[in-house]
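No lab work stands behind these numbers, since they all come straight from the coordinates. Just so we're clear, the structure is a prediction, and the values are computed from it rather than from any experiment. Positions of Cβ are backbone-derived with ideal geometry, glycine not excepted, and every protein chain shown enters the neighbour counts.
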Amino acid sequence: MDAPVAEYWPEFAANGKAEIPVSYLLSHRAGLPWIDGTMTAAEAFAWDPVIRALERQAPVWEPGTQHGYHAVTYGYLVGEVIRRITGRSVGTYFLEQIGEPLGLDLWIGLPESEVPRVAMLQGSLLPEAGNDPEMRELLLQYAGPDTSVGKALAAPGGAFADSALWNTPEMWAAEVPAANAVGDARSVARAYAACIGEVDGLRVLAPDQLRTATTQLTEGPDVVLMGLDLQFGLGFLVPSTLLTVGGPHTFGHYGAGGSVGCADPDAELAFGYVMNRMDTGLAGDTRSYDLMSACFDAIR
């Protein structure tokens, strides 16, 4: 995790990125939450155009000095390191190493055979302004195309600015690893369970790896999400004012619109929640929070 990304992906070193370690990618400290310029959805689905753009991109802040949510670029950055090391895309690697062995109904790159089963997303991540000029102005201030939130969510290069894309087979079939996994709640919970213990003989993270992955590496406000208190280990969110369920070693991650996966190794509990009705926000909502709280309350 302390090795430079460029050790595995030499072209990444361009434009001041030679010393960025792998751990910065995993903890949202690399300063690459978006890509300057424009990019089409077709280019984003093709993978390599995004990788070339990330190679050219200069960090938005000095890497390691602060952190900000790499909402979409995260998957390409970490996914390319996986591809360089294993020779497999992140979706294929996940399927072969975790998905199939655990019998998960969960894909990064959905097979065509599963398309008829997908529940279409309803609503949007951000509230609609409608005809209210005041609300429209507030939305533009928070998540307009020129804001840090807007650029991060629509990355790479505005390719995913059209919310209708998320209800298309082309999006489901592509590998956009930070944003387009398709699956069910049982599979999310089962994947997290395999991080804290054995599930049918498979454990994804050894105890020492789990401790390393869930050790807090960030501090202070998230500079992309307007100062929200999101704190990261290696990939996982760790306890903060926005992740308050469970015990002190609980870890997990929220998904857009309200979905969440998490686990508490002390309680030996893993949890998954998915939905197709999108609610506002990036850090869970009352549906998932109330369900998680009820689960933990039931075992105390």
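Note on N167 and D146: with the Förster distance fixed at 30 Å, the Cβ-Cβ geometry gives a FRET efficiency of about 0.70. Remark: relative contact order (the chain) = 19 percent; criterion is Cα-Cα distance under 8 angstrom and separation of 6 or more residues. Segment 1-31 and segment 221-288 have Cα centres spaced 25 Å apart.
If contacts are Cα pairs under 8 angstrom and at least 6 residues apart, what is the relative contact order of segment 1-120 in percent? Mind dumping the intermediate values first?
On the way: 140 pairs, mean separation 28.9, N = 120.
The value is 24 percent.
Here the calculated FRET efficiency for D184 and T86, from their Cβ-Cβ distance with R0 = 22 Å, stands at 0.25, rounded to the nearest 0.05.
Measuring between their Cα centroids, segment 53-80 and segment 180-200 lie 26 Å from each other. Sequentially through segment 38-54, phi angles give Karplus couplings (6.51, -1.76, 1.60; θ = phi - 60°) of 10, 8, 8, 4, 4, 5, 5, 5, 6, 6, 4, x, 5, 4, 4, 5, 5 Hz, Gly and Pro residues having no value and appearing as x. The alpha carbon gyration tensor of segment 184-299 gives principal lengths a ≥ b ≥ c with a/c of 1.5 or higher and a/b no greater than b/c, which makes the shape oblate.
Compute the FRET efficiency between V118 and D229 as 1/(1 + (r/R0)^6), taking r as their Cβ-Cβ distance and R0 = 45 Å, and round to the nearest 0.05. Working from the Cβ atoms, E equals 0.85. Karplus-derived 3J(HN,Hα) values for segment 152-165, using 6.51 cos²θ - 1.76 cosθ + 1.60 with θ = phi - 60°, are 5, 6, 8, 4, x, x, x, 4, 10, 5, 7, 5, 5, 4 Hz; glycine and proline are entered as x. Couplings 3J(HN,Hα) for segment 2-7, derived from phi with the Karplus relation 6.51 cos²θ - 1.76 cosθ + 1.60 (θ = phi - 60°), are 8, 6, x, 4, 5, 5 Hz, where x marks Gly and Pro.
For V238, the amide hydrogen comes within under 5 Å of the amide hydrogens of Q231, F232, G233, counting only partners 5 or more places away or on other chains and with H modelled in the peptide plane. Kirkwood analysis of the chain, using all unique Cα-Cα pairs, places the hydrodynamic radius at 19.7 Å.
Amide H to amide H distances under 5 Å link H67 with V223, where only residues 5 or more positions off or on other chains count and H is placed in the peptide plane. Placing a label point 7 Å from the Cα of A206 along the Cα-to-Cβ direction, none of the residues of segment 245-286 has a backbone N under 13 Å of that point.
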